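Q: Sharing a structure, written as structure tokens. Questions coming.
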Amino acid sequence: MKKVAVIMGSDSDLPKVQPAIDQLRAFGVPVEAHVFSAHRTPEQAIAFSKNAAENGFGVMIAAAGKAAHLGGVLAANTILPVIGIPIKASALEGMDALLSTVQMPAGIPVATVAIDGAKNAAILAVQMLAIDDAKLADKLMEMRRQMTQEVIEKDKNLKY
Ligand code: RP5
């Protein structure tokens, strides 16, 4: 199975990124996490992205706060899909990171999830890998069935 790379701009992002790592592991997807910064270690970020496909990765997740250019820098150096997680890390409550991540110029997409949306980033990565992996697709369907059942139970338990 292809690996998912989870790249964060700083180790201070880890508490927000951890749910993505946990979710990927729950699906049995191999995951490798790194700290690469678009601004502080641009050469390392670019080198990782350029070699990601031949190193066995299928999707990259990029989490960054503030002027969040990490997703764009990774996406510019690979044709692997890149999923961006804007991290709430400043006085601007994550809007800065959201706009920096989502407003990519045509030709270099970054599939951007919600501010601090690590869990959805992981699920989206699994959905990408599941396109040609029937076992992963089954796991995703089972997760959907469980979610549906939970909401049905919540509806039943509502007393009003
Ligand atoms: C961004 O700046 C990082 O992704 C992080 O969200 C934010 C703050 O980084 P530190 O100053 O805590 O290393 O590049």
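The values are calculated or read from the model by the stated rules, or taken from the named source; none is laboratory data. Since this is a predicted model, take the numbers as computed values, not measurements. Cβ placement follows ideal geometry from the backbone for every residue including glycine, while neighbour counts extend to all protein chains displayed. To get the accessible areas, we keep the full protein, side chains included, count just its heavy atoms, and leave off ligands, DNA and RNA. Shrake-Rupley method; radii C 1.70, N 1.55, O 1.52, S 1.80 Å.
Q: Here is a list of conditions, (1) aliphatic (A, V, I, L, M); (2) away from the ligand (no atom under 16 Å from the Cβ); (3) within 30 Å of ALA137 (Cβ to Cβ), and VAL17 meets all of them except one; can you say which number that is?
A: With respect to (1) aliphatic (A, V, I, L, M); (2) away from the ligand (no atom under 16 Å from the Cβ); (3) within 30 Å of ALA137 (Cβ to Cβ), VAL17 is out only on (2).
Q: Given (1) under 21 Å from ALA114 (Cα atoms); (2) surrounded by 21 or more Cβ atoms within 10 Å (Cβ to Cβ); (3) more than 13 Å from the ligand (Cβ to nearest atom), identify the lone condition not met by ASP22.
A: The one condition ASP22 does not meet is (2).
Q: Same structure, new question: Note down all Cβ pairs under 6 Å where the first residue falls in region 94-107 and is within 16 Å of the ligand (Cβ to nearest atom), the second is hydrophobic (A, V, I, L, M, F, W, C) and open to solvent by 40 Å² or more (accessible area, probe 1.4 Å), and they're at least six residues apart or on different chains.
A: GLY94/ILE115; LEU98/ILE115; SER100/ALA67
Q: OK, next. Within region 62-69, identify whether any single residue is closer than 17 Å to PRO15 by Cβ, open to solvent by 30 Å² or more (accessible area, probe 1.4 Å) and free of Cβ contacts under 8 Å to residues at least 24 places away in the same chain, and answer yes or no.
A: no
Q: What number of residues in region 76-92 are surrounded by fewer than 24 Cβ atoms within 10 Å (Cβ to Cβ) and more than 11 Å from the ligand (Cβ to nearest atom)?
A: Qualifying residue count, region 76-92: 8.
Q: What are the residues in region 97-150 that are open to solvent by less than 30 Å² (accessible area, probe 1.4 Å) and either of a type in the set (Ser, Thr, Tyr) or under 15 Å from ALA67 (Cβ atoms) (or both), if any?
A: ALA97, THR101, VAL110
Q: Could you run through region 128-160 and say how many residues are under 19 Å from GLY58 (Cβ atoms) and not in a helix (DSSP H, G or I)?
A: The number of residues fulfilling the criteria is 1.
Q: Count, please, the residues in region 36-52 that happen to be among the small types (Gly, Ala, Ser), touching a residue at least 24 places away in the same chain (Cβ under 8 Å) and more than 14 Å from the ligand (Cβ to nearest atom).
A: The first filter runs over region 36-52 and keeps only residues among the small types (Gly, Ala, Ser), leaving 37-38, 45, 47, 49, 52.
Then drop every residue that is not touching a residue at least 24 places away in the same chain (Cβ under 8 Å), which leaves 37-38, 45, 49, 52.
Those still in the list that are more than 14 Å from the ligand (Cβ to nearest atom) too: 49, 52.
Residues that pass the stated criteria total 2.
Q: Please work out if SER10 is of a type in the set (S, T, N, Q), open to solvent by 20 Å² or more (accessible area, probe 1.4 Å) and within 9 Å of the ligand (Cβ to nearest atom).
A: On the way: of a type in the set (S, T, N, Q): yes; open to solvent by 20 Å² or more (accessible area, probe 1.4 Å): yes; within 9 Å of the ligand (Cβ to nearest atom): yes.
So SER10 passes the test.
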